[in-house]
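In what follows, a structure is listed as structure tokens, so that the remarks can point back to it.
The values are calculated or read from the model by the stated rules, or taken from the named source; none is laboratory data. Keep in mind that what you see is a predicted model, and the values were worked out from it rather than measured. Backbone-built Cβ (ideal geometry, glycine too); neighbour counts: all protein chains shown. What goes into the accessible areas is simple: the full protein's heavy atoms, side chains included, and nothing from ligands, DNA or RNA. Shrake-Rupley method; radii C 1.70, N 1.55, O 1.52, S 1.80 Å.
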Amino acid sequence: MTVTARTAEWECTRCGSTNRKLVPYTLDEATDRCVTCRARHALVPGETTVRWLARAS
Ligand SMILES: [Zn+2]
């Protein structure tokens, strides 16, 4: 069974890099690490389906 996912795009609060992560539609939150500085962030959906809000965690 294939789980449908959407792309969450978020901006690192530490270095400003834009990151992308695939998040299943069943989830309304996610965590990811910045590919550039490796800072861990908590992600929640933003004003659009693509742009998510990131908070350092
Ligand atoms: Zn970063």
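Compute the normalised compactness of the chain: alpha-carbon radius of gyration over 2.2 N^0.38 Å, N being the residue count. With N residues counted in the chain, Rg over 2.2 N^0.38 Å equals 1.07. The residues of the chain present an accessible area of 72 Å² per residue when probed at 1.4 Å with all protein chains retained. Computed on protein heavy atoms with a 1.4 Å probe, the accessible areas place SER57, SER17 in the order SER57, SER17, largest first. Springs join every pair of Cα atoms under 10 Å in this Gaussian network model of the chain, and among GLU29, GLU11, GLU47 the largest mean-square fluctuation is at GLU47.
Remark: region 27-33, residue by residue, has Karplus-estimated 3J(HN,Hα) of 10, 10, 7, 7, 10, 7, 10 Hz, where x stands for each Gly or Pro and the curve is 6.51 cos²θ - 1.76 cosθ + 1.60 at θ = phi - 60°.
Were the residues from ASP28 through THR2 laid out at 0.36 nm apart, the gain over their Cα-Cα distance would be 7.5 nm. The chymotrypsin sites (Phe, Trp or Tyr not before Pro) of the chain meeting both criteria, a DSSP state outside H, G, I, E and B (loop) and at most 11 other C-beta atoms within 10 angstrom of the site's C-beta, are TYR25.
Rolling a 1.4 angstrom probe over region 5-56 with all protein chains present gives an accessible area of which 48% lies on carbon and sulfur atoms. Of the trypsin sites (Lys or Arg not before Pro) found in the chain, the ones in coil according to DSSP and having at most 15 other Cβ atoms within 10 Å of their Cβ are ARG14, ARG38.
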